[in-house]
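The values are calculated or read from the model by the stated rules, or taken from the named source; none is laboratory data. What you see is a predicted model; the values in this text were computed from it and never measured. Cβ: placed from backbone, ideal geometry, glycine included. Neighbour counts: every protein chain shown. These area figures cover heavy atoms from the full protein model, side chains too; ligands, DNA and RNA do not enter into them. Shrake-Rupley method; radii C 1.70, N 1.55, O 1.52, S 1.80 Å.
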Amino acid sequence: MSAVTSPAPATVAAPASNRLALTGVGFAVLFIASLVFSGLAGSATYPSPFETDQVAEAYFADNGGVVLGMGILQLLSAVPLAAFVLALTKRPGLARTGGLCAVAGLAACALIGLAIPVLDASGDTLHTLHYLTFMAGGPAHVPFLGIVVGASALAFRTSAPRWTTVLGLTSAGLALLSLATFVSESLMLLLPLGRFTAILWILVTAVRAARLRK
């Protein structure tokens, strides 16, 4: 596929393999750490923007420090994700464009989320910022993440194990289908399915790069 012109992990040079390994794992670890931190340190589950305003206001009032920590970790995770995309794709194309848009969405989600405790937002301001964090980190991030994963999985299909290609294409399909959350809240499950299968593919690619450089 011409959108991704970088060679498969089996044939990339050692420096590129090193970057794929370090940045792929770095992104996954930092992003998952943000969710684990929020779940363990928070007084309740991070609320959906579709829950009542009372639920959201109570959560953010009680968990300002947790929201700050989660936002910082997610903002940091956008850095290795950008480096991973640039190491994975050697020239402009569908995969690189999708990947960098995914980075932008993740960074915007983190920055808007950080604004909530920093501004001590409440009322309509809180509701707006809360909704924007969801949009930036969900429908504006996950489909683009699926694009870079799917395009790269196709590009690497001749040298990567078949199951990794299937995983990448499945992830891309789920991620793109998550756009349906604009139509119905009942389809929100597609967002985590697309996100975490993409992260799994990134981890697998990073681990393969680490093994193949030896």
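Do we find that GLY71 is of a type outside the set (A, V, I, L, M), in a helix (DSSP H, G or I), open to solvent by less than 20 Å² (accessible area, probe 1.4 Å) and at negative phi in this structure?
Spelling it out, GLY71 is indeed of a type outside the set (A, V, I, L, M), in a helix (DSSP H, G or I), open to solvent by less than 20 Å² (accessible area, probe 1.4 Å) and at negative phi.
Is there a residue in the stretch 40-55 that is under 25 Å from ILE147 (Cβ atoms), modelled with pLDDT under 95 and among the hydrophobic types (A, V, I, L, M, F, W, C)?
Checked against the condition, which is being under 25 Å from ILE147 (Cβ atoms), modelled with pLDDT under 95 and among the hydrophobic types (A, V, I, L, M, F, W, C), the stretch 40-55 yields no hits at all.
Within the stretch 42-57, how many residues are open to solvent by 50 Å² or more (accessible area, probe 1.4 Å) and in a helix (DSSP H, G or I)?
Residues meeting the conditions: 4.
Return a yes/no flag: does the stretch 27-35 have any residue that is surrounded by fewer than 19 Cβ atoms within 10 Å (Cβ to Cβ), within 16 Å of the chain's Cα centre (by Cα), touching a residue at least 60 places away in the same chain (Cβ under 8 Å) and part of a helix (DSSP H, G or I).
So the first thing to find is which residues in the stretch 27-35 are surrounded by fewer than 19 Cβ atoms within 10 Å (Cβ to Cβ), and the list is 29, 32-33, 35.
With within 16 Å of the chain's Cα centre (by Cα) added as a condition, the list becomes 29, 32-33, 35.
Now drop any that are not touching a residue at least 60 places away in the same chain (Cβ under 8 Å), which leaves 32.
The next check asks that each one be part of a helix (DSSP H, G or I); those that pass are 32.
Looking for residues that are surrounded by fewer than 19 Cβ atoms within 10 Å (Cβ to Cβ), within 16 Å of the chain's Cα centre (by Cα), touching a residue at least 60 places away in the same chain (Cβ under 8 Å) and part of a helix (DSSP H, G or I), one finds at least one in the stretch 27-35, hence yes.
So ALA180 clears everything in (1) touching a residue at least 40 places away in the same chain (Cβ under 8 Å); (2) surrounded by fewer than 24 Cβ atoms within 10 Å (Cβ to Cβ); (3) of a type in the set (Gly, Ala, Ser) except one condition, right? Which one?
(1)
Please find, within the stretch 189-200, the residue that is farthest from MET135 (Cα to Cα) out of those that are in contact with a Leu (Cβ under 8 Å, 6 or more places away or on another chain) and open to solvent by less than 10 Å² (accessible area, probe 1.4 Å).
Ranking the candidates gives ALA198 first.
Mind checking whether some residue in the stretch 162-171 is assigned to a loop (DSSP other than H, G, I, E, B), within 14 Å of the chain's Cα centre (by Cα) and within 22 Å of LEU100 (Cβ to Cβ)?
no
Taking the stated definitions as given, is LEU169 modelled with pLDDT of 95 or more and either open to solvent by less than 50 Å² (accessible area, probe 1.4 Å) or under 18 Å from PHE144 (Cβ atoms) (or both)?
So LEU169 passes the test.
Looking only at residues in the stretch 88-124 that are among the charged types (D, E, K, R) and touching a Ser or Thr at 6+ places or on another chain (Cβ under 8 Å), which one is most open to solvent (accessible area, probe 1.4 Å)?
Ranking the candidates gives ARG91 first.
For the condition closer than 16 Å to LEU22 by Cα and among the aliphatic types (A, V, I, L, M), what is the one hit in ALA78, ALA95, ALA110?
Result: ALA78 is the single residue among ALA78, ALA95, ALA110 that is closer than 16 Å to LEU22 by Cα and among the aliphatic types (A, V, I, L, M).
Any residue at all in the stretch 176-187 that's at pLDDT 95 or above, aliphatic (A, V, I, L, M), under 12 Å from the mean Cα position of the chain (by Cα) and part of a helix (DSSP H, G or I)?
Scanning the stretch 176-187 turns up no residue that is at pLDDT 95 or above, aliphatic (A, V, I, L, M), under 12 Å from the mean Cα position of the chain (by Cα) and part of a helix (DSSP H, G or I).
PHE50 - would you say it is among the aromatic types (Phe, Trp, Tyr), under 21 Å from THR128 (Cβ atoms) and out of contact with any Ser or Thr (no Cβ under 9 Å at 6 or more places or on another chain)?
Working: among the aromatic types (Phe, Trp, Tyr): yes; under 21 Å from THR128 (Cβ atoms): yes; out of contact with any Ser or Thr (no Cβ under 9 Å at 6 or more places or on another chain): yes.
Yes; evaluated as a whole, the condition is true for this residue.
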